[in-house]
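A quick write-up on the structure given underneath.
The values are calculated or read from the model by the stated rules, or taken from the named source; none is laboratory data. What you see is a predicted model; the values in this text were computed from it and never measured. Glycine gets a Cβ as well: all are built from the backbone with ideal geometry, and neighbour counts include every protein chain shown. These accessible areas exclude ligands, DNA and RNA; they are computed on the full protein's heavy atoms, side chains included. Shrake-Rupley method; radii C 1.70, N 1.55, O 1.52, S 1.80 Å.
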Amino acid sequence: MNKCVCLIGKPNVGKSTIFNKLIKEKKSIILDEPGITRDRIYGHVTYHDKTFSLIDTGGITTDTNDFNEEIKMQAELAIDEADLILFVVDGKNGLDASDYFIRDMLIKSPKEVIVLVNKIDNAKRSDNIYEFYELGFSNLISISGEHNLGFTELLEAITKDIPVVENTEDLPPKFCVIGRPNVGKSSLINALLNSERTIVSDIAGTTRDSIDTKFTYAKKEYIVVDTAGMRKKGRIYENIEKYSYLRSLKAIDEADVCVVVISAEEGIIEHDKHILGYAISAGKGVVLAVNKWDTISNPNEAIAIWKTKIANEFQFADYLKVVFVSAKTKKRIATLMPEVISAYENNQKMIPTNLLNNVITEAVSLNAPPSYKGKRLKIYFVNETAVRPPKFTFQVNNKGLVHFSYERYLENKIRESFDLTGTPIILQFKNKNAK
């Protein structure tokens, strides 16, 4: 199991900047839909062939409002999951009551703590680092997230006891099954495996932890992960449920594809969108499985109605793979795996640069970018710079001229030309010759 590291601190100390520097990407840009965010952001860091998981958390203060209590709960879960805690403090403004409040939380934990004194970007400020020994932790590292200073020392400290990562190219594709409680996740997996390998019950919340099962399909190995039902945060009461919720989020992050299960009997509810948002924010391939299809009268006619309903309710993810299944009767179960495999392949698809540029050149000739104050966006070159999910980087004259509607137009043109159903994609714009 990978070493797990979490970032803890009060607001505005630079945790997210440090997180993005370590994982070398801005993970939060994949989905920009109001109300659809992750509670903690997971990432993976590789340094000199060593790898570890990283969790970013919300800023904790001494406030007693409900919002801060929720953030504190999520941070406690991250602390419980972590092997090492990076306690980020503000080296510019010094300590305050919130820092000591967090210190008191961490002292109760047996986990190793490194105090990261951030915003140390000049020699004068580095003299102030000694005041942070007042927190009672012996291991301090000065760092500047903004100026990229101190990261080598930090990474050396984190990875000193991690073995060199083994080749993971031959690991089977992994997909997790997620959704609200009692939508039939475990039953769906049992129907897929044609066995009773996971506990199935009509009582919501029967599955308390993520369960990995390896199986063979079409002569190839896969891993399917059953997860606990993801309740709304306001309805998570028991500590064991909080822990299960954390495990579900981690299962999403470690999967290649997420199968989001909704109930045909209950219909689409708002929390289904939130759960789908977790998978998209993580950049995973996605399949939407409408389960309990046996409860629908005239199922053949109902598919067209449901597809329209899904298109309306999930407008932020109109590229979804969708299947209609019944775990109870096993009808249409055979439609699931082909869509999982397709989403997996599309999530790591590499598109030849010459074909990609031909598509964008034609798109621009058909619909030129709008002008702004006499200036017009020019696209010089585009190539795919990452996968899982596919990321397309555009070299332009001025990225400030990219209007969101034109960005959406370019995404649609890419999707029309290449099969990228079942996966989010990222469009990144960079000024030509910019470092």
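For the range 377-435, which residues satisfy the criterion of being aromatic (Phe, Trp, Tyr), open to solvent by less than 60 Å² (accessible area, probe 1.4 Å) and closer than 23 Å to Leu320 by Cα?
So the first thing to find is which residues in the range 377-435 are aromatic (Phe, Trp, Tyr), and the list is 380-381, 392, 394, 404, 406, 409, 418, 429.
Now narrow it down to the ones that are open to solvent by less than 60 Å² (accessible area, probe 1.4 Å): 392, 394, 406, 409, 418, 429.
Phe392, Tyr406, Tyr409, Phe418 - these are the residues of the range 377-435 that are aromatic (Phe, Trp, Tyr), open to solvent by less than 60 Å² (accessible area, probe 1.4 Å) and closer than 23 Å to Leu320 by Cα.
Quick one: is Val359 β-branched (Val, Ile, Thr), open to solvent by less than 70 Å² (accessible area, probe 1.4 Å), within 17 Å of Thr421 (Cα to Cα) and outside any loop (DSSP other than H, G, I, E, B)?
Values: β-branched (Val, Ile, Thr): yes; open to solvent by less than 70 Å² (accessible area, probe 1.4 Å): yes; within 17 Å of Thr421 (Cα to Cα): no; outside any loop (DSSP other than H, G, I, E, B): yes.
No; evaluated as a whole, the condition is false for this residue.
Within the range 364-401, track down each residue that is of a type in the set (A, V, I, L, M, F, W, C), under 13 Å from Ile425 (Cα atoms) and assigned to a strand (DSSP E or B). Before you say what the answer is, go through the steps one by one.
Here is the first cut: in the range 364-401, the residues of a type in the set (A, V, I, L, M, F, W, C) are 364, 366, 368, 377, 379, 381-382, 386-387, 392, 394, 396, 401.
Within this subset, residues satisfying the condition of being under 13 Å from Ile425 (Cα atoms) are 386-387, 392.
Hits for the range 364-401 are Ala386, Phe392.
Among the residues of the range 132-148, write down those that are surrounded by fewer than 16 Cβ atoms within 10 Å (Cβ to Cβ) and touching a Ser or Thr at 6+ places or on another chain (Cβ under 9 Å). Show your work before the answer.
From the range 132-148, those surrounded by fewer than 16 Cβ atoms within 10 Å (Cβ to Cβ) are 133-134, 136, 138-139, 146-148; that's our starting set.
Passing the criteria: only Glu146.
When the range 253-281 is examined, which residues are found to be in a loop (DSSP other than H, G, I, E, B), closer than 20 Å to Ser297 by Cα, of a type in the set (A, V, I, L, M, F, W, C) and open to solvent by less than 30 Å² (accessible area, probe 1.4 Å)?
Across the range 253-281, the qualifying residue is only Ala264.
Looking at Asp80 and the list (1) in contact with a helix residue (DSSP H, G or I) (Cβ under 8 Å, 6 or more places away or on another chain); (2) modelled with pLDDT of 85 or more; (3) open to solvent by 60 Å² or more (accessible area, probe 1.4 Å), which single condition is not satisfied?
So the condition that Asp80 fails would be (2).
Pro352 is checked against (1) farther than 29 Å from Ala302 by Cβ; (2) touching a strand residue (DSSP E or B) at 6+ places or on another chain (Cβ under 6 Å) and fails just one. What number does that condition carry?
The single condition Pro352 does not satisfy is (2).
Can you list residue pairs whose Cβ atoms sit under 8 Å apart, with the first residue in the range 257-270 being closer than 30 Å to Glu345 by Cβ and without any contact (Cβ under 8 Å) to a residue 60 or more places away in the chain and the second being surrounded by 22 or more Cβ atoms within 10 Å (Cβ to Cβ) and among the β-branched types (Val, Ile, Thr)? Count only pairs 6 or more apart in sequence or on different chains.
Ile268/Ile262
Looking at (1) in contact with a Lys or Arg (Cβ under 6 Å, 6 or more places away or on another chain); (2) more than 13 Å from Ile8 (Cβ to Cβ), which is the one condition that is false for Ser98?
(2)
In the set Lys232, Lys214, Lys220, which member is open to solvent by 50 Å² or more (accessible area, probe 1.4 Å), closer than 16 Å to Tyr344 by Cβ and modelled with pLDDT under 90? Before the answer, list the steps.
Details: Lys232 fails: closer than 16 Å to Tyr344 by Cβ; Lys220 fails: modelled with pLDDT under 90.
Among Lys232, Lys214, Lys220, only Lys214 is open to solvent by 50 Å² or more (accessible area, probe 1.4 Å), closer than 16 Å to Tyr344 by Cβ and modelled with pLDDT under 90.
Which of (1) modelled with pLDDT under 95; (2) within 29 Å of Leu276 (Cα to Cα) does Ser371 not meet, given it meets every other one?
(2)
It is to be established whether one or more residues within the range 377-395 are within 30 Å of Val287 (Cβ to Cβ) and basic (Lys, Arg).
Narrowing the range 377-395 to residues within 30 Å of Val287 (Cβ to Cβ): 382-394.
Among the residues that remain, those that are also basic (Lys, Arg) are: 388, 391.
Checked the range 377-395: at least one residue is within 30 Å of Val287 (Cβ to Cβ) and basic (Lys, Arg).
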